[in-house]
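Heads up, the thing below is written out as structure tokens.
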Amino acid sequence: MSEKTVSFYQIAKELAEEEQATKKKYNPEREIEEEIRLVIDGKIQDEALFKGYYVTRQRYLEKVFEKAGVLGEYKVTTISKNKGTQEKEFRIPLTQKECVKFLLRQYTKALSRKIRNNTIDSLKMEEAKDFVVSLKKEYIDKHVLEAERERELVNSYVLTELQSRTAFDRVEAMLLRLMNDDLHQIKLRSIPNSTKGLSPDEELRIINDSDAAFLMYYYYHLLEKQSEYWNNVVDMVSELRFGEIEEKLKHPKDDSGSDDGFRDICSVMYKAQILVKQQYQDKKIAKHKMSSEKRMKLVEDILKGRNPD
């Protein structure tokens with residue numbers, strides 16, 4: 001049995017009523033322009049005005065489907081009532097009707113424009129939050145089965161990159177605060193007082209100005225080393241995820257322990273750190289082996305009476 005569908009004309013009519021959409025129309029009797037509600041109680045009040053609304057929303061939907069690469073899946077050939085001519089119209093699966101309405105309501109907002117123009121990187125945090133909140137309130141909570149709601153919400157996080165944007169802002173603030181505290185308290189350190197209401201105790205460190213300067217450069221050196229390690233872990237996580245994608249393409253029906261076939265980030269991170277530490281260990285062994293071979297060569301050169309390099 002084929003899936004039930006609904007015409008886009010019907011969807012546009014419902015959307016116009018839900019939005020209480022209006023258009024201006026000149027009233028010759030009163031000689032003024034009046035705001036006319038397009039649809040009331042399911043009935044179109046003015047066919048000509050509604051047609052303009054319908055055509056505009058249909059153009060919006062065409063661009064959305066074209067961007068998603070699914071335009072051909074929804075546009076079907078029908079026989080027009082007018083002279084029996086053939087024309088194209090959208091037939092939307094009934095289960096996707098509310099999603100289409102939501103997309104059309106969001107079409108002119110910042111996020112939708114940036115997705116269409118491939119400028120998602122310029123999306124502001126508040127814009128991303130507004131989209132996710134609207135999606136949850138207007139679509140997910142009302143029209144998505146409870147078992148599917150979390151997946152739909154996760155998809156919205158992926159689309160807006162909301163989780164990584166939030167993490168970036170928080171981590172950046174924490175790092176700046178940590179660095180500021182460390183470097184400013186190098187000579188006089190504040191120690192939190194265990195007694196509530198009292199100001200922190202201060203501990204004088206016996207460090208002169210040269211010591212302080214040297215230790216600050218050392219602080220940077222430690223951060224640089226940790227940054228190198230962090231980037232190696234990120235690269236390794238990327239490799240592991242790529243391996244999962246390859247495996248999923250080879251065996252799409254395999255159960256990997258999660259709904260989407262991918263392991264949770266904690267288990268991936270654990271394996272990534274083990275592999276990176278192994279890489280560091282291999283480099284140390286190789287470096288030690290190289291230095292041993294160099295020492296042996298030096299001994300041989302001396303024994304043979306040659307000048308070492």
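Sorting 4-17, 237-250 by average packing, meaning the other beta carbons within 10 Å per residue, from highest down gives 4-17, 237-250. Couplings for the stretch 206-211, taken from phi via the Karplus curve 6.51 cos²θ - 1.76 cosθ + 1.60 with θ = phi - 60°, read 7, 9, 8, 5, 5, 4 Hz in order; Gly and Pro are left as x.
No value in this document is a laboratory result; all are computed from the given coordinates. Note that the structure is a prediction, hence the values are computed from the model and not measured. Neighbour counts are summed over all protein chains in view; Cβ atoms, including those assigned to glycine, are modelled from backbone coordinates with ideal geometry.
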